[in-house]
Amino acid sequence: MQREGHRKVALSLFGEAREDAPVTEASIFTDRLELVPITADLVRAVLANDRARCEGLVGARFPDDWPGRVFVERAFTIDLEAVLTKPEVRLWGDRVLVTRHGPRSVVGSIIFHGKPLETGRASLAYGVERASQGRGYATESVRACVAWALEQNEVRAVEATTTPWHRASIRVLLKAGMRQIDTVDHLMLGELVVFAIDRGMELPPLTIPSNLPL
């Protein structure tokens, strides 16, 4: 995992350098992905359904069915006004997944549901757009964000929940070093399985199948 605080020259949507492109702050880099922070400006652009603005802020193409208000409301279950009022808390750790090889494209997102101010337990969720599923992007990005979160002073553990029948999601969480610690009943979703990893636990090696496209 690599992090880069400042990029003096950003890439345009088509890959060429552009001096006036937005500067990416605190991106996380993996072998195939740049995990670009979600900002309040990006949330506003999504709510306005301003695709050009969204793509300009991220420096990558969005999927045809992204962005949209439904996407934001699904990702941020808390009051959207609170997200925009305190983005440093509500958007803590949240990122969109951008491919690094070939045309820059947004393929998913990672959401932390806010900075863990009191409990020390960061709650993670992720999504990969349909056309990009099955390529290992979820595992690659979740592992990177889990590692990043566990490096933060205020974090003692990272946890995530999924349904017991969602085998693909369970595999992603296991590959990120998480272990099942509990089950809970959700009013609308039913039974959920809780996974977590504590600070100090070692992440298992990451293996990306050689036949996956870069």
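Coordinate-derived values only; no laboratory data. It should be emphasised that the depicted structure is a prediction, and the values quoted were computed from it without experimental measurement. Note that each Cβ is placed from the backbone with ideal geometry, even for glycine, and that neighbours are counted across all protein chains shown.
Sorting L47, L189, L57 from the fewest to the most surrounding beta carbons within 10 angstrom yields L189, L47, L57.
A Förster radius of 35 Å combined with the Cβ-Cβ distance from M188 to K86 puts the calculated FRET efficiency at roughly 0.85. Taking only the Cα atoms of the range 90-136, the ratio Rg/Rh comes out at 1.09, with Rh defined as the Kirkwood radius. Within the shell of other residues whose beta carbon sits under 13 angstrom from the beta carbon of A131, the net charge comes to 0, with Lys and Arg scored +1 and Asp and Glu -1. By the count of other C-beta atoms within 10 Å, a proxy for reagent exposure, S141, S27 are ordered fewest to most as S27, S141.
Taking amide H as placed 1.01 Å from N in the peptide plane, the amide H of W92 sits under 5 Å from that of G114, K115, each at least 5 places away or on another chain.
Residues D41, D64, arranged from fewest to most other Cβ atoms within 10 angstrom of their Cβ, appear as D64, D41.
Along the range 105-122 the Karplus relation, 6.51 cos²θ - 1.76 cosθ + 1.60 evaluated at θ = phi - 60°, assigns HN-Hα couplings of 9, 7, 10, x, 8, 10, 10, 9, 6, x, 6, x, 6, 10, 7, x, 10, 8 Hz to successive residues, with x for each Gly and Pro. Ranked from largest, the principal axis spans of the Cα set of the range 45-199 equal 42, 36, 33 Å.
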